[in-house]
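Student: Shown below is the structure under consideration.
We did not get these values from a lab; they are worked out from the coordinates using the rules stated. Just so it is clear, the model here is predicted, and its values are computed rather than measured. So basically every Cβ, Gly included, is an ideal-geometry build from the backbone, and we count neighbours across all protein chains shown.
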Amino acid sequence: MKHESVETNAGLLIVLTLAVISVGGLVEIVPLFYIDDTVEEVDGVRPYTPLEQRGRDLYIQEGCYACHSQMVRPFRDEMLRYGNYSLAAESQYDYPFQWGSKRTGPDLARVGGKYSNEWQVQHLIDPQSLVPESIMPGYPWLAENPLDMSDIEDRMLALRRVGVPYSLTEEEYERNVEKYGEEHARMFDINRAEESLVEQAQAENFDGNSATITEMDAMVAYLQVLGTMVDFSEYDDGHFAEFR
Amino acid sequence: MSTQDNKKPGQGEDEVKTTGHFWDRDLCEYNNPLPRWWLWGFYATVVFALVYWILYPAWPIGDGFTKGLASVTYEHGDEEVTTHWNTRALLYRDMQTGEHAVRQRDMLEQVAGMEYAEILQDADAMSFVNAYGQGAFGTWCVACHQVGGAGVIGQYPNLSNDHWKWGGKPEQIEEAMVLGRIGYMPGYRDRLSEQQINDVSAFVLSLNGYDMDADAVEAGERVYSGHDAGCIQCHGAAGQGIESIGAPNLTNDLWGLVDVHGAEDDQARLQRVSRFVHDGAEREMPAFSEFLSDEEIKVLAAYVHSLGGGQ
């Protein structure tokens, strides 16, 4: 094809330009979808329960991701501060994932279980009351706003469509029972989503206020599960190096 | 206009050549070749890429990828494992045999192997305790105990003053970290009348040098020692506290759970202490043996001790 015919034909020029600049992206991204080891096989990673999932939605709604990443990188200083580096498998049910790269605040990938529920609640209401030098704004309304759970089923349906194994049919439910155990499988059943959400919020009462289920319940439930699904003591040093 | 502008481009010996295309009859484009340094730079990146492909994980093939010739060796149990170059293996190697990791581990073992009395006397050991302790304290303790161990009155104990409910010796601090602590004082709203609660609170304040109503103090002393309240069973006859059960000293004018010093006058102080006796309190510190090794806890205990208040 002659240089001149490309330069004089705007449509052709656009098509060829797009073809050339997509090569880099295609070569780097497409193989990740069929290479076996992209997402490590690891025990324990499960979808979020309805309450945790609502917390995750609030995390995004309140813009937490603007300051907090959720990705511990494989460096010694990060291991010492945060714990084991993050695995791809750990965010396989995150749509979209919250890896991020901007850390105005600390990384939260392994914050689950590090502080008590009471600490999290107090810290979200007024961060400076616990960490005077913190620049994080307070989110006191989380403790006041009742949690809107009317659309939890729709939210789970949407996630199911992109690949999160929430169950709709009996067959899918049985499959979840086998994979995650009955207790969790019940939580992942879209048909009883609201019931499960209320059940978990009342049983664990994350915000310390048993009268209402607030946004704080959901947010703390989400924060407390972050990074806790995989038990790294089950795996040898080096196990995960085989995947990269 | 100069004469040059009238000439057609591409004419003459010293002129830059054009690409040879003409648009709208006489519009053409100079063909300036790239500078040589740029071109060689480009070739160099091509060569770099070829070398990179050979050494490091690079090309996807089927459901796997080329792993490259470069390798990383790290320890796995007693044996050495060699694997293709990747950042996770590099991390293991760095954690095991990296210069700083080894130095830190050696120091940690060395310091943890010493007695507390030795550590506190040894300048080298203490400089390690300070450096390491600051990091570990920042990760695990600061969320509650605050920067420098300042604590939060009513919530989290101050670690930088002389007030130690469970004892301020390094061994006692270590024990608190290993086992965790649950502090509990019952609320007296059902067992004492409001009057009695006020009296006993006045008595406790008087133990700390506050000038309270003499009648109330006298009545309060009887409540304090009396059977209904049983204050002496935990706080002792003289209010000196009992470390083994975490009952604080009530005579040193150091207040962890009631903000006595933040009150405006004696009336407000009395009110705050009464409120506390009325409600009671329960506080828990989690056990850290789950998160930290014995060596880390020992160094951290020495660090906390050195924050200012250790005994």
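Student: Be a star and scan the range A:198-235 for residues whose amide nitrogen sits under 14 Å from the point 7 Å along the Cα-to-Cβ vector of residue B:76.
Tutor: Flagged as within label range: A:235.
Student: Antiparallel as a % of all DSSP beta bridges within the protein assembly as shown, to the nearest 5?
Tutor: Percentage antiparallel, nearest 5: 95.
Student: Okay, next question. Would you mind checking which residues have amide H under 5 Å from residue B:247's amide H? H placed 1.01 Å from N; only 5 or more apart, or other chain.
Tutor: B:242
Student: For chain B, take the longest principal axis of its alpha carbons; what is the angle in degrees between that and the long axis of helix B:294-306, to the nearest 10 within 0 to 90?
Tutor: Long axis of B:294-306 versus the principal axis of chain B: about 70 degrees.
Student: Here's a follow-up. Under a 10 Å cutoff between Cα atoms, tell me which one of A:210, A:196, A:150 has the largest fluctuation in the Gaussian network model of chain A.
Tutor: A:150
Student: Across 5 Å bins from the origin, how do the percents of Cα pairs in the range B:181-285 run, short distances first?
Tutor: 2, 13, 24, 29, 21, 8, 2, 0
Student: Mind scanning A:114/B:165; A:102/A:179; A:114/B:298; A:2/B:17; A:102/B:169; A:114/B:67 and naming the pairs with a C-alpha gap bigger than 31 Å?
Tutor: Among A:114/B:165; A:102/A:179; A:114/B:298; A:2/B:17; A:102/B:169; A:114/B:67, the Cα-Cα distance tops 31 Å for A:102/A:179; A:102/B:169; A:114/B:67.
Student: Work out the FRET efficiency for residue B:244 and residue A:235 from their Cβ-Cβ distance, taking R0 = 35 Å, and round it to the nearest 0.05.
Tutor: 0.30
Student: Also, quick follow-up: What are the semi-axes of the equivalent ellipsoid of the protein assembly as shown, taken as the square roots of 5 times the eigenvalues of the Cα gyration tensor, listed largest first and rounded to whole Å?
Tutor: 62, 31, 27
Student: What distance in nm separates the two pseudo spin-label positions at residue A:198 and residue A:13, each 7 Å out from Cα along the beta-carbon direction?
Tutor: 6.4
Student: Still on this structure, I have one more. Grab the alpha carbons of the range A:18-142, take their convex hull, and tell me the volume per residue in Å³.
Tutor: Convex hull of Cα atoms, per residue: 164 Å³.
Student: Work out the P(r) tail for chain B: percent of alpha carbon pairs separated by more than 33 Å, whole number.
Tutor: The calculated P(r) of chain B puts 57 percent of pairs beyond 33 Å.
Student: Another question, if that's okay. Counting partner chain Cβ atoms within 10 Å of every residue's Cβ in B:155-162, what's the average?
Tutor: Per residue, the average neighbour count from other chains is 1.
Student: How do B:67, A:114, A:102 line up, fewest other C-beta atoms within 10 Å first?
Tutor: Starting with the residue having the fewest Cβ neighbours, the order is A:102, B:67, A:114.
Student: Towards the positive end of the charge dipole of the protein assembly as shown, with charges on Cβ (+1 Lys, Arg; -1 Asp, Glu), say which of A:117, B:136, B:161 has the farthest Cα.
Tutor: Of the candidates, B:136 comes out farthest on the positive side.
Student: Relative contact order of the range A:1-89, please, whole-number percent, based on alpha carbon pairs below 8 angstrom and at least 6 residues apart.
Tutor: 24
Student: Compute the long axis of helix A:152-161 from its Cα atoms, compare it with the longest principal axis of the Cα atoms of chain A, and write down the angle in degrees, 0 to 90, nearest 10.
Tutor: 30
Student: Continuing with this model, one more query. Sorted from fewest to most neighbouring beta carbons within 10 Å, what does the list B:162, A:57 look like?
Tutor: Ranking B:162, A:57 by Cβ neighbours within 10 Å, fewest first, gives B:162, A:57.
Student: Pick from B:42, B:137, B:291: which is most flexible by mean-square fluctuation in a GNM of chain B where alpha carbon atoms under 10 Å apart are linked?
Tutor: Result for chain B, Cα springs under 10 Å: B:42 fluctuates most.
Student: Which whole-number percent of Cα pairs in the range B:1-145 have a distance greater than 27 Å?
Tutor: 64
Student: What is the dipole size for the range B:241-294, taken about its Cα centre, with +1 at each Lys and Arg Cβ and -1 at each Asp and Glu Cβ, in debye to the nearest 20?
Tutor: Magnitude of the dipole: close to 160 debye.
Student: GNM on chain B, C-alpha springs below 10 Å: top fluctuator among B:58, B:287, B:89?
Tutor: Among B:58, B:287, B:89, the largest GNM mean-square fluctuation belongs to B:58.
Student: What order do you get for A:123, B:21 when you list them from fewest to most C-beta neighbours inside 10 Å?
Tutor: Lowest to highest Cβ neighbour count: B:21, A:123.
Student: Which angle between 0 and 90 degrees, to the nearest 10, do you get for helix B:170-179 versus the longest principal axis of chain B when only C-alpha atoms count?
Tutor: 70
Student: In debye to the nearest 20, how big a dipole does the protein assembly as shown give about its Cα centre with +1 on each Lys and Arg Cβ and -1 on each Asp and Glu Cβ?
Tutor: Computed about the Cα centre, the dipole is about 1720 debye.
Student: Contour minus end-to-end for residue B:103 and residue B:193, with contour as 0.36 nm per residue of separation and end-to-end as the Cα-Cα distance?
Tutor: 26.2 nm
Student: Let me ask something additional. For the pair residue A:169/residue B:228, report the inter-label distance in nm, with labels modelled 7 Å from Cα in the Cβ direction.
Tutor: Distance between the two pseudo-spin positions: 7.1 nm.
Student: In percent, how large is the relative contact order of chain A, given Cα pairs closer than 8 Å and 6 or more residues apart?
Tutor: Computed value for chain A: 28 percent relative contact order.
Student: Tell me, which longest segment in chain B has none of the GluC sites (Glu not before Pro) that fall in DSSP loops with at most 16 further Cβ atoms within 10 Å?
Tutor: B:116-263
Student: For Cα pairs less than 8 Å apart in space and 6+ apart in sequence, what is the mean separation divided by the residue count of chain B, i.e. the relative contact order in percent?
Tutor: This gives 18 percent for chain B.
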